[in-house]
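Undergrad: Structure provided below as structure tokens; questions to follow.
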Protein chains: 2
Amino acid sequence: MTNSEENSVGPVRNSTEPELACRNESISNGVGLVQTEILRVVEPDKPLELKCGKKLTQVDVAYETYGKLNAAGDNAVLICHALSGNAHVAGKNRPDDKKYGWWDVMVGPGKGIDTNKYFVICSNFLGGCSGTTGPGSINPESGKPYGLDFPIITIADMVKVQKLLLDKLNVKQLLAVIGGSIGGMQTLRWSIDYPDFVKAAVPIATTTHLGAQSIAFDAVGRNAILADPDFAAGQYTPEKSPKTGLAIARTIGHITYLSEEAMREKFGRQLRNAKKYSYDFDSEFAVETYLDYQGQSFVERFDANSYLYITKAADYFDLKRNNDSLEKIFANTKCKFLVVSFASDWLFTPKQSEEIVNALSAADKNVSYCNIDSPSGHDAFLLEYKKLGVAVGGFLDATYYQITNPNKYIFKNFQCQHTKKTIHHATRARIDYELIESLIKPNSKVLDVGCGNGELLARLVDDKNITAKGIEINQELVTHCIRCGIATIHRDIERGLEQYANNSFDYAILSQTLQTVKEPQKVLAELLRVAKKVIVSFPNFANWKCRTQLFFGGNAPVTKQLPFSWDNSPNIHCLSLKDFEGFCKKLNVKIEKRIPLINNRLSPVKFAPNLFAEQVIYVTSKE
Amino acid sequence: MTNSEENSVGPVRNSTEPELACRNESISNGVGLVQTEILRVVEPDKPLELKCGKKLTQVDVAYETYGKLNAAGDNAVLICHALSGNAHVAGKNRPDDKKYGWWDVMVGPGKGIDTNKYFVICSNFLGGCSGTTGPGSINPESGKPYGLDFPIITIADMVKVQKLLLDKLNVKQLLAVIGGSIGGMQTLRWSIDYPDFVKAAVPIATTTHLGAQSIAFDAVGRNAILADPDFAAGQYTPEKSPKTGLAIARTIGHITYLSEEAMREKFGRQLRNAKKYSYDFDSEFAVETYLDYQGQSFVERFDANSYLYITKAADYFDLKRNNDSLEKIFANTKCKFLVVSFASDWLFTPKQSEEIVNALSAADKNVSYCNIDSPSGHDAFLLEYKKLGVAVGGFLDATYYQITNPNKYIFKNFQCQHTKKTIHHATRARIDYELIESLIKPNSKVLDVGCGNGELLARLVDDKNITAKGIEINQELVTHCIRCGIATIHRDIERGLEQYANNSFDYAILSQTLQTVKEPQKVLAELLRVAKKVIVSFPNFANWKCRTQLFFGGNAPVTKQLPFSWDNSPNIHCLSLKDFEGFCKKLNVKIEKRIPLINNRLSPVKFAPNLFAEQVIYVTSKE
């Protein structure tokens, strides 16, 4: 069971979940040589109490660190690893290591998680097999490996041990805790269990609870291990261990990490060697030999008992177990959140990430969300390091800037490290932005629906000290907003805003968007539900230029304000001031203010607005 | 390995893939008691040559029949079963059987496949373990069970054996061959290998080839069986067989048969007995105990060797292997097709069914397609018997009617058994239908995009003897068209028509739809690519009523022809005759004819059509 020379506690090191990622990265250009350290965090005089009710009298933790903790102690970032990961995140442990750490693509100088700026820590979790105490460790009571005598552990227990390690390392605060998959579960637990310790949390490709399908896959894998005759009730030896069962478990898992699309692209129906079918039961399709290889290489570096304990901990993970709602569970958290999912992940789906986002939104937390477009399935959290690095790196930078610069004008000074620009880079503000700003009271809560690059919200934060939240459908713009420190949720507003309670905001803004949504009535009703006042702006279709074009010209109008030809206009509804006002009357919506405008003029149109206005801003509220 | 008393050849009977389906059906109301028969279809004097190059000198086939073959011999329907099915489709073999046959919900008097009308045959396929020769049968050469000495078989071999059975039964022609999953693969093979024997094929929830993900799941399952110490190189005994491996294989498969949604709904995170976690490795989640049960009950009724051979046959299934294109493969087929998929099926996805449909369309075959909305995943082909029954039953009836009534006016006389109406049930024809009909030359090929209930196409078939094809997005309307015998494909036209080659049709019709599509340019260009002439009709937005409403009233027009208010109009583009003509000029589209119309008047508007026409019909072509 052991191939480790330097590390006397755990049997395996250099666990490499991201083989695929590293394969493309021949040069780390990173943290260089690092050493896995071991610290004893639990001694018999103060045993560790576990969720299952049992105790561990001795716990060692294997960990690595990168970068330096600064004098203020405010730049520490904890990374939590997934099922088959370990403490070795980046660089190499020995010059002749064939592979870099499992997230070397994301962690290093100038990388997404920048070790020039941040002090990065990662530890092998409790129950693992890479240095930290687990079922393969010696049971101090028997002097033999625990095997199945190791107590069942939970994600919360893992996090508890990580906290003990940070205490020992004299880390007083975490700028951020970051993790994908099972690492994301630990990240969520951190935000809930240690709310004062964590400034930001980045749960990636994860969930608040395992669903029936995921439990089913885990259970089949465990059954394969438990049924292997070499399992010997968990007391197997390195020479005779349940290799077959573990390999089957791993291959089942591996299928769930890849998307159908990724497998089709990578393997299709390719045969490994031959052009003709072999007409026997040997592995002949490329995908079969790939999975055989994955199974075999995993068996060499991983412990079957650890596989049982870790998957069981994942199965037991359910944030809202015995509780009313996720919203309540998150109520006590104090950190900012960046939730990330990947479009093709079918193990922990975007929908499951949205569940986190919705609960945090309902609990009125500072949450951003980005669903990254990727064909790579669950493995995307290891592979999409460019897109992920831009989002996570920017989020860390913005969070650090906001913590260390609690002055008012944050956006005018904060420079996005990606675009090297401050967010106020528009050469000239849109006229409706200026007017909308004049309508918003200081210190209010504002939701900007279709927030674009975040400019309006940034202006409102700087000038009016508002609490800003944005919703945006475009992934690039979402990333930009996140990098600028604006809480932005990646979402199509047509889906509704069920995450927000009634009257969650003082204002909701729908700027130049009403005429582009499929169901204007549903969207306006939803905004009026979540905000006390809704500010709506749109182009006036009954402007005299439009009228005369249709009346005399007999064609669909094209004007400065409505510049699109009929066949490729994003404006799928044509409405005038009169139409909107009739609409409001029908829906019992109160119009508090109307500002009809001619382009580039701040002063409202006074005479015959439905004829002369080119666009209009309304402030509406519920009757 | 055997629990069969009556059936001396195969070890297992009453295989019950559709436990879920039957659970809800306490009363069969069906075919009553039936007997599985055995026929020897291959004798040593004429051995069966298999695709792998080997031969079988003796093959027995287990089969059941329901209903009666009529005097004309034109009412025979062959059903092909899936992985764990068998010949016992409907009814009971013995009065005390606990369950009905595996598709009893679909097959019986008055059911989807109506045994009052049709003579239904189903046989256990070659390599199975329910009566037909397979690896569990006695090898005549050794006098012992074949085990792994059984030759590797393919789907084509299975179909060949089915044909031998039909020859023995003196069936000269199949009205239809129908099957889901692996049964669908056999169905596709039938259409290709015996084109003159089959009048209609209904491949359900199937594919033209297994993809990498499906091969991977199959391979893991086989590995579990092959690695089981009790497998004994395939020469196991009933007392000591690879039960563990087979159960693991079955549970993996079972997960792929259910959708994530269905599992969540059915099990969620329910614990089987307790309210608290047990903190051990026993199965405690409801989904775990369900899968344990599925695995165990499967082991009792199925043979591990058969599992190996059948999954390998599925893995080898690839219609276009060593060939250029699916279109060429289907070129020689002569039957009508109804392809059915289920929206939540992730084993054989709607996309894979669409691949079949596209290839058949490209090969200019008579193909209908319906993607049935269902949360039940792959198992939907066993569970959604109501929706499936309406579509398949209607398709069979229409096909039988068309074959036995080769007269011209088929639609005026054919009555849909579901609605009890002929298709011409509109009380008054739409005026644009009448005019469009006048524009179509007899005996031409016509594609109606957005064909609705099929009325226009039916009229054109009856009156002009056209070859009719329809595309429709609404599932209910698609089913209606299929039941009426119109080749209709369930599809959103915005996705394009890549299945059709250039100039596949004489006419494409886009009636009152152009103004509702997101990308009119793309849609029109695609229609002009696939048809020589495109007939487009739409409401005229520059009619004088619209003009005056906007000009004097200042509101978005609402008229008889444009009856929707601005906020809930399906018309997301507003265009006039002038707009459309400018658009055609820009795109180099030739306008061959223009028929401006006022509602309910057949005579075209002659003076100032862009002002007076309420709607317009254009005939366009490529420049």
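Undergrad: Can you go through A:Thr311, A:Thr289 and tell me which one is open to solvent by less than 10 Å² (accessible area, probe 1.4 Å) and at negative phi? If you could, list the steps in order and put the result at the bottom.
TA: Working: A:Thr289 fails: open to solvent by less than 10 Å² (accessible area, probe 1.4 Å).
After applying the criteria, what remains is A:Thr311.
Undergrad: I would also like to ask the following. If you take the residues of the stretch B:138-152 that are in a loop (DSSP other than H, G, I, E, B) and out of contact with any strand residue (DSSP E or B) (no Cβ under 9 Å at 6 or more places or on another chain), which of them is modelled with the highest pLDDT? Walk me through it before giving the result.
TA: Here is the first cut: in the stretch B:138-152, the ones in a loop (DSSP other than H, G, I, E, B) are B:139-144, B:146, B:150-152.
Those still in the list that are out of contact with any strand residue (DSSP E or B) (no Cβ under 9 Å at 6 or more places or on another chain) too: B:140-143, B:152.
Details: B:Pro140: 95, B:Glu141: 93, B:Ser142: 94, B:Gly143: 95, B:Ile152: 98.
So the residue we want is B:Ile152.
Undergrad: Just for the stretch A:196-214: of the residues that are within 14 Å of chain B (Cβ to nearest Cβ), in contact with a Ser or Thr (Cβ under 9 Å, 6 or more places away or on another chain) and outside any loop (DSSP other than H, G, I, E, B), which one is farthest from A:Val177 (Cα to Cα)?
TA: A:Gln213
Undergrad: Output the number of residues of the stretch B:548-587 satisfying the condition of being in a helix (DSSP H, G or I) and over 14 Å from A:Leu575 (Cβ atoms). So that I can check it myself, show each step before the final result.
TA: Taking the stretch B:548-587 as the starting set, the residues that turn out to be in a helix (DSSP H, G or I) are B:548-553, B:566-568, B:577-586.
Checking which are over 14 Å from A:Leu575 (Cβ atoms) leaves us with B:548, B:551-552, B:577-586.
Selection size over the stretch B:548-587: 13.
Undergrad: While we're here: Restricting attention to the stretch A:115-138, report how many residues are closer than 18 Å to A:Leu388 by Cα and touching an Asp or Glu at 6+ places or on another chain (Cβ under 8 Å).
TA: 1
Undergrad: Looking only at the stretch A:250-259, count every residue that is in a helix (DSSP H, G or I) and either more than 7 Å from chain B (Cβ to nearest Cβ) or touching a residue at least 40 places away in the same chain (Cβ under 8 Å) (or both) and tell me the total.
TA: Step one: list which residues in the stretch A:250-259 are in a helix (DSSP H, G or I), which gives A:250-257.
Next, only the ones that are either more than 7 Å from chain B (Cβ to nearest Cβ) or touching a residue at least 40 places away in the same chain (Cβ under 8 Å) (or both) stay: A:250-251, A:253-254, A:256-257.
Residues flagged as in a helix (DSSP H, G or I) and either more than 7 Å from chain B (Cβ to nearest Cβ) or touching a residue at least 40 places away in the same chain (Cβ under 8 Å) (or both) within the stretch A:250-259 amount to 6.
Every residue, every condition in (1) open to solvent by 20 Å² or more (accessible area, probe 1.4 Å); (2) of a type outside the set (Val, Ile, Thr); (3) over 40 Å from the mean Cα position of the chain (by Cα); (4) within 12 Å of chain B (Cβ to nearest Cβ), yes or no:
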site	(1), (2), (3), (4)
A:Pro557	no, yes, yes, yes
A:Gln561	yes, yes, no, no
A:Ser565	yes, yes, no, yes
A:Pro570	yes, yes, no, yes
A:Phe583	no, yes, no, yes
A:Ser603	yes, yes, yes, no
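Undergrad: Within the stretch B:144-155, is even one residue under 23 Å from B:Asp318 (Cβ atoms) and within 24 Å of the chain's Cα centre (by Cα)?
TA: The answer is yes; a qualifying residue exists.
Undergrad: Only one of (1) in contact with a strand residue (DSSP E or B) (Cβ under 8 Å, 6 or more places away or on another chain); (2) farther than 24 Å from A:Tyr369 by Cα; (3) not charged (D, E, K, R) fails for A:Ala531. Which number is that?
TA: Checking A:Ala531 against (1) in contact with a strand residue (DSSP E or B) (Cβ under 8 Å, 6 or more places away or on another chain); (2) farther than 24 Å from A:Tyr369 by Cα; (3) not charged (D, E, K, R), the one that fails is (2).
Undergrad: Scanning for something open to solvent by 20 Å² or more (accessible area, probe 1.4 Å), under 24 Å from A:Gln475 (Cβ atoms) and more than 14 Å from chain B (Cβ to nearest Cβ), does the stretch A:343-356 turn up at least one residue? Please lay out each step first, then the result.
TA: Of the residues in the stretch A:343-356, the ones open to solvent by 20 Å² or more (accessible area, probe 1.4 Å) are A:343-344, A:346-347, A:349-352, A:354-355.
Then keep just the ones that are under 24 Å from A:Gln475 (Cβ atoms); that gives A:343-344, A:346-347, A:349-352, A:354-355.
Add one more test, that the residue is more than 14 Å from chain B (Cβ to nearest Cβ), and what stays is A:343, A:354.
Yes, some residue in the stretch A:343-356 is open to solvent by 20 Å² or more (accessible area, probe 1.4 Å), under 24 Å from A:Gln475 (Cβ atoms) and more than 14 Å from chain B (Cβ to nearest Cβ).
Undergrad: List the number of the failed condition for B:Glu455; all other conditions in (1) modelled with pLDDT of 95 or more; (2) buried (at least 17 other Cβ atoms within 10 Å of the Cβ) hold.
TA: Failed condition: (1).
Undergrad: Same structure again: Has the stretch A:269-288 got at least one residue that is among the hydrophobic types (A, V, I, L, M, F, W, C) and under 29 Å from B:Asp282 (Cβ atoms)?
TA: Keep residues of the stretch A:269-288 that are among the hydrophobic types (A, V, I, L, M, F, W, C), which gives A:271, A:274, A:281, A:285-287.
Remaining after also requiring under 29 Å from B:Asp282 (Cβ atoms): none.
Within the stretch A:269-288 (the criterion being among the hydrophobic types (A, V, I, L, M, F, W, C) and under 29 Å from B:Asp282 (Cβ atoms)), the answer is no, since none of the residues qualifies.
Undergrad: Also, I was wondering about something else. Taking the stretch A:48-80 as the search range and keeping residues that are assigned to a loop (DSSP other than H, G, I, E, B) and either of a type in the set (A, V, I, L, M) or within 14 Å of another protein chain (Cβ to nearest Cβ) (or both), which one is surrounded by the most Cβ atoms within 10 Å (Cβ to Cβ)?
TA: From the stretch A:48-80, those assigned to a loop (DSSP other than H, G, I, E, B) are A:50-54, A:57-58, A:67-75; that's our starting set.
In the following step, the residues that additionally are either of a type in the set (A, V, I, L, M) or within 14 Å of another protein chain (Cβ to nearest Cβ) (or both) were identified as A:50-54, A:69, A:71-72.
Details: A:Leu50: 19, A:Lys51: 17, A:Cys52: 16, A:Gly53: 9, A:Lys54: 15, A:Leu69: 17, A:Ala71: 7, A:Ala72: 10.
Here the residue is A:Leu50.
Undergrad: Which count do you get for residues in the stretch B:215-249 that are assigned to a helix (DSSP H, G or I) and more than 10 Å from chain A (Cβ to nearest Cβ)?
TA: Step one: filter the stretch B:215-249 for residues assigned to a helix (DSSP H, G or I), giving B:215-227, B:229-234, B:243-249.
Then drop every residue that is not more than 10 Å from chain A (Cβ to nearest Cβ), which leaves B:231-233, B:246.
Of the residues in that region, 4 qualify.
Undergrad: Of the residues in the stretch B:605-623, how many are in a loop (DSSP other than H, G, I, E, B) and either facing another protein chain (nearest Cβ under 10 Å) or not aliphatic (A, V, I, L, M) (or both)?
TA: In the first step, residues of the stretch B:605-623 are kept if they are in a loop (DSSP other than H, G, I, E, B); the result is B:605-608, B:613-614, B:623.
Right, trim to either facing another protein chain (nearest Cβ under 10 Å) or not aliphatic (A, V, I, L, M) (or both) and you get B:606-608, B:614, B:623.
So the count comes out to 5.
Undergrad: May I ask you to say which residue of A:Leu550, A:Leu497, A:Leu514 is within 10 Å of another protein chain (Cβ to nearest Cβ), without any contact (Cβ under 8 Å) to a residue 60 or more places away in the chain and in contact with a Leu (Cβ under 8 Å, 6 or more places away or on another chain)? Full working, then the answer.
TA: Numbers: A:Leu497 fails: within 10 Å of another protein chain (Cβ to nearest Cβ); A:Leu514 fails: without any contact (Cβ under 8 Å) to a residue 60 or more places away in the chain.
Step by step, each of A:Leu550, A:Leu497, A:Leu514 is checked, and only A:Leu550 is within 10 Å of another protein chain (Cβ to nearest Cβ), without any contact (Cβ under 8 Å) to a residue 60 or more places away in the chain and in contact with a Leu (Cβ under 8 Å, 6 or more places away or on another chain).
Undergrad: Residues being open to solvent by 10 Å² or more (accessible area, probe 1.4 Å) and hydrophobic (A, V, I, L, M, F, W, C): count how many of those fall in the stretch B:183-230.
TA: Residues flagged as open to solvent by 10 Å² or more (accessible area, probe 1.4 Å) and hydrophobic (A, V, I, L, M, F, W, C) within the stretch B:183-230 amount to 5.
Undergrad: Do we have any residue at all in the stretch B:412-433 that's at pLDDT 90 or above and not in a strand (DSSP E or B)? If you could, list the steps in order and put the result at the bottom.
TA: Residues of the stretch B:412-433 at pLDDT 90 or above: none.
No - not one qualifying residue is present in the stretch B:412-433.
Undergrad: On the given criteria, is B:Ala87 in contact with a Phe, Trp or Tyr (Cβ under 6 Å, 6 or more places away or on another chain), part of a loop (DSSP other than H, G, I, E, B), buried (at least 24 other Cβ atoms within 10 Å of the Cβ) and at pLDDT 95 or above?
TA: Working: in contact with a Phe, Trp or Tyr (Cβ under 6 Å, 6 or more places away or on another chain): yes; part of a loop (DSSP other than H, G, I, E, B): yes; buried (at least 24 other Cβ atoms within 10 Å of the Cβ): yes; at pLDDT 95 or above: yes.
It is true that B:Ala87 is in contact with a Phe, Trp or Tyr (Cβ under 6 Å, 6 or more places away or on another chain), part of a loop (DSSP other than H, G, I, E, B), buried (at least 24 other Cβ atoms within 10 Å of the Cβ) and at pLDDT 95 or above.
Undergrad: Going through the stretch A:100-132 one residue at a time, which ones are on the phi > 0 side of the Ramachandran plot and buried (at least 24 other Cβ atoms within 10 Å of the Cβ)? Can you show your working first?
TA: First, pick out the residues of the stretch A:100-132 that are on the phi > 0 side of the Ramachandran plot: A:108, A:110, A:127, A:131.
Result: A:Gly108, A:Gly127, A:Gly131.
Undergrad: Considering the stretch B:313-327 alone, what residues qualify as being away from chain A (no Cβ under 12 Å) and free of Cβ contacts under 8 Å to residues at least 24 places away in the same chain?
TA: If the condition is that a residue be away from chain A (no Cβ under 12 Å) and free of Cβ contacts under 8 Å to residues at least 24 places away in the same chain, then B:Asn323, B:Asp324 are the ones that fit.
Undergrad: Separate question: Kindly indicate the residue of the stretch A:161-177 that is surrounded by 21 or more Cβ atoms within 10 Å (Cβ to Cβ) and within 22 Å of the chain's Cα centre (by Cα) and also farthest from the other protein chains (Cβ to nearest Cβ) among those meeting that condition.
TA: A:Leu175
Undergrad: Does at least one position in the stretch B:285-302 carry a residue that is under 22 Å from B:Leu382 (Cα atoms) and either assigned by TED's automatic domain parsing to the domain that holds B:Phe150 or part of a loop (DSSP other than H, G, I, E, B) (or both)?
TA: Yes; the residues of the stretch B:285-302 include at least one that is under 22 Å from B:Leu382 (Cα atoms) and either assigned by TED's automatic domain parsing to the domain that holds B:Phe150 or part of a loop (DSSP other than H, G, I, E, B) (or both).
Undergrad: Mind checking which pairs have a first residue in the stretch A:164-182 that is part of a helix (DSSP H, G or I) and a second that is of a type in the set (Phe, Trp, Tyr), Cβ under 9 Å, 6 or more apart or different chains?
TA: The qualifying pairs are A:Leu165/A:Tyr63; A:Leu166/A:Phe197; A:Ile182/A:Phe125; A:Ile182/A:Phe317.
Undergrad: Another question, then. Search the stretch B:501-514 for residues being open to solvent by 10 Å² or more (accessible area, probe 1.4 Å) and not β-branched (Val, Ile, Thr), and hand back the single one that is nearest to B:Leu326 (Cα to Cα).
TA: Restricting attention to the stretch B:501-514, the residues satisfying the condition of being open to solvent by 10 Å² or more (accessible area, probe 1.4 Å) are B:501-504, B:506-507, B:511-513.
Checking the rest, the ones that are also not β-branched (Val, Ile, Thr) come to B:501-504, B:506-507, B:511-512.
On the way: B:Ala501: 14, B:Asn502: 18, B:Asn503: 20, B:Ser504: 17, B:Asp506: 24, B:Tyr507: 25, B:Ser511: 32, B:Gln512: 34 Å.
In this case the residue turns out to be B:Ala501.
Undergrad: Quick check, is A:Leu188 over 18 Å from A:Val340 (Cα atoms) and touching a strand residue (DSSP E or B) at 6+ places or on another chain (Cβ under 9 Å)?
TA: No; evaluated as a whole, the condition is false for this residue.
The values are calculated or read from the model by the stated rules, or taken from the named source; none is laboratory data. No experiment lies behind these values; they were computed from the predicted model shown. Reconstructed Cβ throughout: ideal geometry from the backbone, glycine too, with neighbour counts over all protein chains shown. Note: areas computed on protein heavy atoms with side chains; ligands, DNA, RNA excluded. Shrake-Rupley method; radii C 1.70, N 1.55, O 1.52, S 1.80 Å.
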